[in-house]
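Chemist: Mind having a look at this structure? Questions to follow.
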Amino acid sequence: MLYQRSSQLFVEAAKVIPGGVNSPVRAFKAVGGTPIFVKEAKGAYLYDEDGNRLIDYINSWGPMLLGHAYEPVVNAVIEKAKKGTSFGMPTELETQIAALAVSMVPNIDKIRFVNSGTEACMSAIRLARGYTKRDKIVKFSGCYHGHSDSFLIAAGSGLSTFGVPNSPGVTEGTAKDTLLAAYNDIENIKALFAANKDQIAAVIIEPVAGNMGCIPPKEGFLKDLRTVCSENGTLLIFDEVMTGFRLAKGGAQELFNIQADIVCFGKVIGGGLPVGAFAACNEIMDYLAPVGPVYQAGTLSGNPLAMAAGFEMLKQINSDQELFARLEEKTAYLENGIREKLTENNVVFTVNRVGSMISVHFDANPVCDFKTAANGDNETFKKFFHGLLKEGVYIAPSAYETWFITDALTYEDLDFTIKAVGKVAKEL
Ligand SMILES: *Cc1c(COP(=O)(O)O)cnc(C)c1O
């Protein structure tokens, strides 16, 4: 495949945009080469500026659960746009999508819409701090909750009590209120609570981690975490920006039957437009302005185009009783195919999967936290990535990313992909 035009476009982009991209994960830093510029997309396929067709396993990093340019969503946006694109005043549509989301997700009474997952998580911890009147939060190494200051804390040793900023620009004052924990390690959490008694406002977690590959929670881990939080008057925040409306209608809360105190959304909830949201029971949500004292706002929050796309997306998910079973079957089929091809070719690997989230790690050992995720062989991953790309299969350009399976994939696409994995595996 040729990437001449993409390469030229990247050179032009880099002159006026830092690194040529508006979000760092789009650059090919971890795998080498230059990013591919997309011209258009439909269903499971991307079409790039050089005329190549790629089967897409990123799907905008999650949102396109039903495929690109999904007609009901596209039509809803077009019709809405004709009637005005932003008012800064309430619309009925906002109540409709809120009511639908509340009906689909367990344990929430009210939801507030924002413009990104970052905003959702940032607002959720402010709300938790305001509600509990405590300052500290706990996050897990390797979990991503957007790029607001409190979350940009290095993945240090699991035992470290105080975080250190890993991005210049995050002050030490901010970093010291973020405590780091090791994913899937309940003893570590208990130690943090013991050392910070009555100071922890919230624990925020990806209930299935998706930003260090796909890492499922160990049996009982979320339940134990729930218990520890309840015992300490600490709010449990599920960051379901990836898992929400993807793993089940009600997300990870439904899948694992665990109730979080605050839930964050993004990605799928916007149907491909910029939407985030956070939700909780009445008592917590009523701490938000204008009812309560915790301030949170947004000029374009609840934007009619974004709400039209999100509402249509949620309606489709809510009315399709077979959707999650189909996604499970397709992803399991892909998983089995990948396992078979890599095993046949004596490649050392681990595959993790929960529903339509899956990741391939080039390491023989179980991958269950950030430390083990970092053990993978990046040279092999690079070859795997570029090999698949040559075959017309696009996975995320980093070994730390999950593949997001879309319902638009056919079994032909999956067979094509498995065959490509077989070809590439021969050369690993
Ligand atoms: C993507 C992501 C975010 C950030 O969402 P943005 O819309 O990129 O700001 C937060 N949390 C998780 C779990 C994510 O995967």
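The values are calculated or read from the model by the stated rules, or taken from the named source; none is laboratory data. As the structure is a computational prediction, the values presented were derived from the model and not from experiment. As a convention, Cβ positions derive from the backbone with ideal geometry for all residues, glycine included, and neighbour counts pool all protein chains shown. Note: areas computed on protein heavy atoms with side chains; ligands, DNA, RNA excluded. Shrake-Rupley method; radii C 1.70, N 1.55, O 1.52, S 1.80 Å.
Chemist: Report the residue count in region 1-42 for those that are crowded, with 16+ Cβ neighbours inside 10 Å, in a loop (DSSP other than H, G, I, E, B) and among the polar types (S, T, N, Q).
Modeler: 1
Chemist: Looking at region 227-242, is at least one residue within 11 Å of the ligand (Cβ to nearest atom), in contact with an Asp or Glu (Cβ under 9 Å, 6 or more places away or on another chain) and farther than 23 Å from VAL360 by Cα? Walk me through it before giving the result.
Modeler: Taking region 227-242 and keeping what is within 11 Å of the ligand (Cβ to nearest atom), we get 237-242.
Now drop any that are not in contact with an Asp or Glu (Cβ under 9 Å, 6 or more places away or on another chain), which leaves 237-242.
If we keep only those that are farther than 23 Å from VAL360 by Cα as well, we get 237-238.
Checked region 227-242: at least one residue is within 11 Å of the ligand (Cβ to nearest atom), in contact with an Asp or Glu (Cβ under 9 Å, 6 or more places away or on another chain) and farther than 23 Å from VAL360 by Cα.
Chemist: Working only within region 72-98, note down all residues that are at positive phi and open to solvent by less than 40 Å² (accessible area, probe 1.4 Å).
Modeler: Listed by number, the list holds a single entry, GLY84.
Chemist: Being within 21 Å of the chain's Cα centre (by Cα), buried (at least 19 other Cβ atoms within 10 Å of the Cβ) and away from the ligand (no atom under 16 Å from the Cβ) narrows it down to one residue among GLY117, GLY67; which is it?
Modeler: GLY67
Chemist: Could you please let me know if VAL31 is closer than 19 Å to MET307 by Cβ and touching a helix residue (DSSP H, G or I) at 6+ places or on another chain (Cβ under 7 Å)?
Modeler: Spelling it out, it is not the case that VAL31 is closer than 19 Å to MET307 by Cβ and touching a helix residue (DSSP H, G or I) at 6+ places or on another chain (Cβ under 7 Å).
Chemist: Looking at region 80-89, can you tell me whether even one residue there is within 16 Å of the ligand (Cβ to nearest atom), assigned to a helix (DSSP H, G or I) and in contact (Cβ under 8 Å) with a residue 12 or more places away in the chain? It would help to see each step written out before you state the result.
Modeler: Of region 80-89, the ones within 16 Å of the ligand (Cβ to nearest atom) are none.
Scanning region 80-89, I find no residue that is within 16 Å of the ligand (Cβ to nearest atom), assigned to a helix (DSSP H, G or I) and in contact (Cβ under 8 Å) with a residue 12 or more places away in the chain, so the answer is no.
Chemist: Taking the criterion of being open to solvent by less than 50 Å² (accessible area, probe 1.4 Å), part of a strand (DSSP E or B) and either free of Cβ contacts under 8 Å to residues at least 60 places away in the same chain or touching a Phe, Trp or Tyr at 6+ places or on another chain (Cβ under 7 Å) (or both), would at least one residue in region 330-348 satisfy it?
Modeler: No, because not a single residue in region 330-348 is open to solvent by less than 50 Å² (accessible area, probe 1.4 Å), part of a strand (DSSP E or B) and either free of Cβ contacts under 8 Å to residues at least 60 places away in the same chain or touching a Phe, Trp or Tyr at 6+ places or on another chain (Cβ under 7 Å) (or both).
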